[in-house]
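Before any comments, here is the structure.
The values are calculated or read from the model by the stated rules, or taken from the named source; none is laboratory data. Since we're looking at a predicted model, the values are computed, not measured. Because the Cβ atoms are built from the backbone with ideal geometry, glycine has one as well, and the counts that use them run over all protein chains shown.
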Amino acid sequence: MEKIVLIGAGGHALGVIDSIQSCQKFEIVGITELDYVAGKKVLGYGIIGNDDVLKSVFDSGVKNAFIAVGSIGNPSLRIKLYYMLKRQGFALPAIIDHSSNIGSDILLGEGIYAGKNTVINAGSTIGDMAIINTGAILEHGCCIEEFTHIGPGAVICGNVKIGARTHIGANSTVIQGVTIGDNCLIGAGSVVAGDVASKVVAYGNPCKRVRNNA
């Protein structure tokens, strides 16, 4: 198995670790955490230091890294970590849970995460560093741009386009053919039946703009 180091030891890391274990492709050598505490472990894997140790980890021969920091409406930390790891030379593989159902003719970007029981149907494109969380369904021909998070249980119907750095809340439904812009926040349980412009906070059934997303 290839070796991999994880960045971030919060709640999202639990799902990531479980998915890595399910696929048996990578061996986790440790986890870095900003608030490093000696001796702390996450699901049995040690916290090896803060992000300052990553260069020595890379130099030791570990060439794969994965950002196990989640995002709810603000992916800025994930973006910062991504470019830091790229500068250091790490590869950022996609982590796809063994229980996921991935269709044909799919384009998967680097560093993406697809959690338990996700469905990504034929002809879809998932941009770099996107999160497709537990039980989310992406129907055929969808395009999810970079650093976007599709929340648990969300249903994205066919031929939907969702821009970069957007968050789709848990159990939301996006109706077929809809376009949602960049930097949006769609509240949990929303039903999105029409296009949503960029930099908007919107929620409800039907989903309506509430305010701008600064």
Item to check | Filtered residues of region 65-80 (kept if under 13 Å from the mean Cα position of the chain (by Cα) and either buried (at least 19 other Cβ atoms within 10 Å of the Cβ) or β-branched (Val, Ile, Thr) (or both)) | outcome: Phe66, Ile67, Ala68, Val69, Gly70, Ser71, Ile72, Pro75, Arg78, Ile79
Checklist entry - Among the listed residues Ile112, Ile150, Ile131, which satisfies the condition of being assigned by TED's automatic domain parsing to the domain that holds Ser190, touching a Phe, Trp or Tyr at 6+ places or on another chain (Cβ under 6 Å) and not small (Gly, Ala, Ser)? => result Ile131
Checklist entry - Among the residues of region 84-99, how many are surrounded by fewer than 20 Cβ atoms within 10 Å (Cβ to Cβ), within 22 Å of Thr125 (Cβ to Cβ) and free of Cβ contacts under 8 Å to residues at least 60 places away in the same chain? => result 3
Checklist entry - Is it fair to say Asp195 is of a type in the set (D, E, K, R), over 19 Å from the mean Cα position of the chain (by Cα) and at pLDDT 95 or above? => result yes
Next on the checklist: Name the residue that is surrounded by the fewest Cβ atoms within 10 Å (Cβ to Cβ), counting only residues in region 149-176 that are among the hydrophobic types (A, V, I, L, M, F, W, C) and not in a loop (DSSP other than H, G, I, E, B).
Outcome noted: Val155
Checklist outcome for this item: Residue pairs within 7 Å by beta carbon, gap of at least six or interchain, first lying in region 188-209 and surrounded by 14 or more Cβ atoms within 10 Å (Cβ to Cβ), second among the aromatic types (Phe, Trp, Tyr) and in a loop (DSSP other than H, G, I, E, B), listed first then second, are none
Checklist entry - For residues in region 81-100 being among the small types (Gly, Ala, Ser) and at negative phi, which is nearest to the chain's Cα centre (by Cα)? => result Ala94
Item to check | One residue from Thr118, Thr125, Thr179 being hydroxyl-bearing (Ser, Thr, Tyr) and either touching a residue at least 24 places away in the same chain (Cβ under 8 Å) or buried (at least 19 other Cβ atoms within 10 Å of the Cβ) (or both) | outcome: Thr118
Checklist outcome for this item: Lys55 passes all but one of the listed conditions (1) surrounded by fewer than 18 Cβ atoms within 10 Å (Cβ to Cβ); (2) in contact with a helix residue (DSSP H, G or I) (Cβ under 7 Å, 6 or more places away or on another chain); (3) in contact (Cβ under 8 Å) with a residue 40 or more places away in the chain; the exception is number (3)
Checklist entry - What number of residues in region 101-113 are touching a residue at least 24 places away in the same chain (Cβ under 8 Å) and either within 10 Å of the chain's Cα centre (by Cα) or buried (at least 21 other Cβ atoms within 10 Å of the Cβ) (or both)? => result 2
Item to check | Enumeration of residues in region 118-145 that are outside any strand (DSSP E or B), out of contact with any helix residue (DSSP H, G or I) (no Cβ under 9 Å at 6 or more places or on another chain) and not hydroxyl-bearing (Ser, Thr, Tyr) | outcome: Asn121, Ala122, Gly123, Gly127, Ala130, Gly135, Ala136, Glu139, His140, Gly141, Cys142, Glu145
